[in-house]
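The values are calculated or read from the model by the stated rules, or taken from the named source; none is laboratory data. The structure displayed is predicted, hence computed values, not measured ones. With ideal geometry, Cβ positions are generated from the backbone for all residues, glycine too; neighbour counts draw on all protein chains shown. The protein model used for the area step is the full one, side chains on, heavy atoms only, and it has no ligands, DNA or RNA in it. Shrake-Rupley method; radii C 1.70, N 1.55, O 1.52, S 1.80 Å.
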Amino acid sequence: MTRTQSGVGKSETKQKIVATSRDLFAKKGYSETSIRDILEAAEISKGNLYHHFKGKEFLFLHIMEEDHRVMIETWNEEKKTLQLAIDKLAGFAELISQMNIHYPLLRASEEFCASAFTSDEVMERMNKIDADFDDVMRAILLEGNEDGSWSIQHVESKVKILLSVFYGLDVLYKHDTIQQKKELQKEAISLFIHGINHHEKQMSQ
């Protein structure tokens, strides 16, 4: 076997592990899916699994990172169709809701995030996902300062507040339809802009 053929074989095995695990996590959740389940479903040895991933948490984290990358790529395309920052703010909030509604690993992700991580590397990679969302929101808010959608002095705190609001609405009202969530998001954005403008007006007096 050539080095290229060997590399292809390893890649195919890794893809098989990921695809099989993704299906198991979607059906059984993160906590209830065992290493044995993955080994039997993927028809691989424990050594083969640990050659590609350090353990179950690293395997699930890899899947989360894959899905996160797809979401960011989707957003980078979608934002090209939106001109004003206020439209991008609404569009990003809607994308978060759409992804969660149609995300088969939502329950497993919640279990994973609630579990006690034993690795600093896992925490660092999870923080990188959060940082990417911060970057998207920060870019929208700074753009809004430029196009006149709002005037924000302390952007960093508003990044955290808005992401918390959008994710909070999505989690608390996860059984609402996408249209119901859109209406809640619109009202939240309206309250946010009204509050910002009122605050800035008071500060200027």
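How much area per residue is accessible in segment 1-143 when the probe is 1.4 Å and only protein heavy atoms are counted (Å²)?
For segment 1-143, the solvent-accessible area averages 56 Å² per residue.
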Original post:
Which net charge results when you count Lys and Arg as +1 and Asp and Glu as -1 among the other residues whose beta-carbon is under 12 Å from that of Glu78?
Top reply: -1
Original post:
Calculated FRET efficiency, Ser164 and Ser45, Cβ-Cβ r, R0 45 Å, to nearest 0.05?
Top reply: 0.55
**OP:** State the percentage of accessible surface on the chain attributable to carbon and sulfur atoms; use a 1.4 Å probe and exclude ligands, DNA and RNA.
**Re:** 53 percent
Subject >> Virtual spin-label span in nm between Glu143 and Asn76, 7 Å along Cα→Cβ >> reply: 1.4 nm
**OP:** For Lys88, go through the lysines and keep the ones whose alpha-carbon is under 18 Å away, minus same-chain ones fewer than eight residues off.
**Re:** Lys79, Lys80, Lys158, Lys160, Lys181, Lys182, Lys186
